[in-house]
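Novice: Just dropping this structure here.
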Amino acid sequence: MKISALLIDLDGTIYSKGEVFPQAKIALEKISSLKIPYKFITNTTTKTQKKLLKSLKELGIGANSETLFTAPKAALNFCKSQNLRNVKLVLQDDSLEEDFQELSLVSKNPEAVILGDLGNKFSLETLNPIFQDLMNGAKLIALHKNRFWESKDSLTMDLGCFVSALEFASNTKAVVCGKPSKDFFELAISDWDLPKEEIAIIGDDIETDVFGGQNTGLKGILVKTGKFNQNFVNRSGVKPDLILQNFGEILNYF
């Protein structure tokens, strides 16, 4: 398998629960020394890009605005491309408004509702106003549609469950801007002049990482860390191009 560039998932692949996997740090240093192009891609919607870059720096992971591609960045690009200016943000942290400064943020009569992770704040009280906006014609923009994530103690239902509920209730389809959206992956690799089949996505999610990448024409590599669950992989029907015990094993393919 020829790999000329990498898209790298973060949580569950490079680190978990605030701790960097030792083999991942070594592998990143080696990949950098080999001058292999790579970007970190993430569906994280609880931190601004600035805060996320700071967190990565504190973990000893070198990244910048050019090597970090996030779901909020993809959502901003989508809104601008569709001329959606009056937008309601429904996010866990108000500081995330910083990543959407180019839009007009409103609380009533939005053209679109951008929905991200709310953690324990998901409830009928939270979702029903969004439902009302959708019934009045607003577009639903989901920052991702993950089924579950790895919390501190266990696997936990994620944003995708609540996006699906809103889709069902309003009889509409959300625009998913994060992984596994094909547009997300296309944007992430848009500045690489490389054949798609030489670019690989590596991550711990069989759907958002592996399927999303393969659906875009990339190689999909699954790691058995983070939220990896063999039973879920078996049910998914997705066949990774490669399965690794951890991110460090990617060095065997350079």
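Read the figures in this text as sums done on the coordinates, not as results from a lab. Source: prediction; values computed, not measured. Note that each Cβ is placed from the backbone with ideal geometry, even for glycine, and that neighbours are counted across all protein chains shown.
Novice: Which residue out of K47, K80 is closer than 12 Å to D99 by Cα and of a type outside the set (V, I, T)?
Specialist: Values: K80 fails: closer than 12 Å to D99 by Cα.
Every option except K47 fails the conditions.
Novice: Quick check on I250: is it buried (at least 19 other Cβ atoms within 10 Å of the Cβ), assigned to a helix (DSSP H, G or I) and in contact (Cβ under 8 Å) with a residue 40 or more places away in the chain? Write out each step before concluding.
Specialist: Values: buried (at least 19 other Cβ atoms within 10 Å of the Cβ): yes; assigned to a helix (DSSP H, G or I): yes; in contact (Cβ under 8 Å) with a residue 40 or more places away in the chain: yes.
It is true that I250 is buried (at least 19 other Cβ atoms within 10 Å of the Cβ), assigned to a helix (DSSP H, G or I) and in contact (Cβ under 8 Å) with a residue 40 or more places away in the chain.
Novice: Just to be sure, is L6 at negative phi, touching a helix residue (DSSP H, G or I) at 6+ places or on another chain (Cβ under 8 Å), aliphatic (A, V, I, L, M) and not in a loop (DSSP other than H, G, I, E, B)? Steps first, answer last, please.
Specialist: Working: at negative phi: yes; touching a helix residue (DSSP H, G or I) at 6+ places or on another chain (Cβ under 8 Å): yes; aliphatic (A, V, I, L, M): yes; not in a loop (DSSP other than H, G, I, E, B): yes.
Yes; evaluated as a whole, the condition is true for this residue.
Novice: Given (1) in contact with a strand residue (DSSP E or B) (Cβ under 9 Å, 6 or more places away or on another chain); (2) basic (K, R); (3) surrounded by 16 or more Cβ atoms within 10 Å (Cβ to Cβ), identify the lone condition not met by K17.
Specialist: (3)
Novice: Yes or no: G212 crowded, with 17+ Cβ neighbours inside 10 Å and in contact with a Gly (Cβ under 6 Å, 6 or more places away or on another chain)? Steps first, please.
Specialist: Working: crowded, with 17+ Cβ neighbours inside 10 Å: yes; in contact with a Gly (Cβ under 6 Å, 6 or more places away or on another chain): no.
Spelling it out, it is not the case that G212 is crowded, with 17+ Cβ neighbours inside 10 Å and in contact with a Gly (Cβ under 6 Å, 6 or more places away or on another chain).
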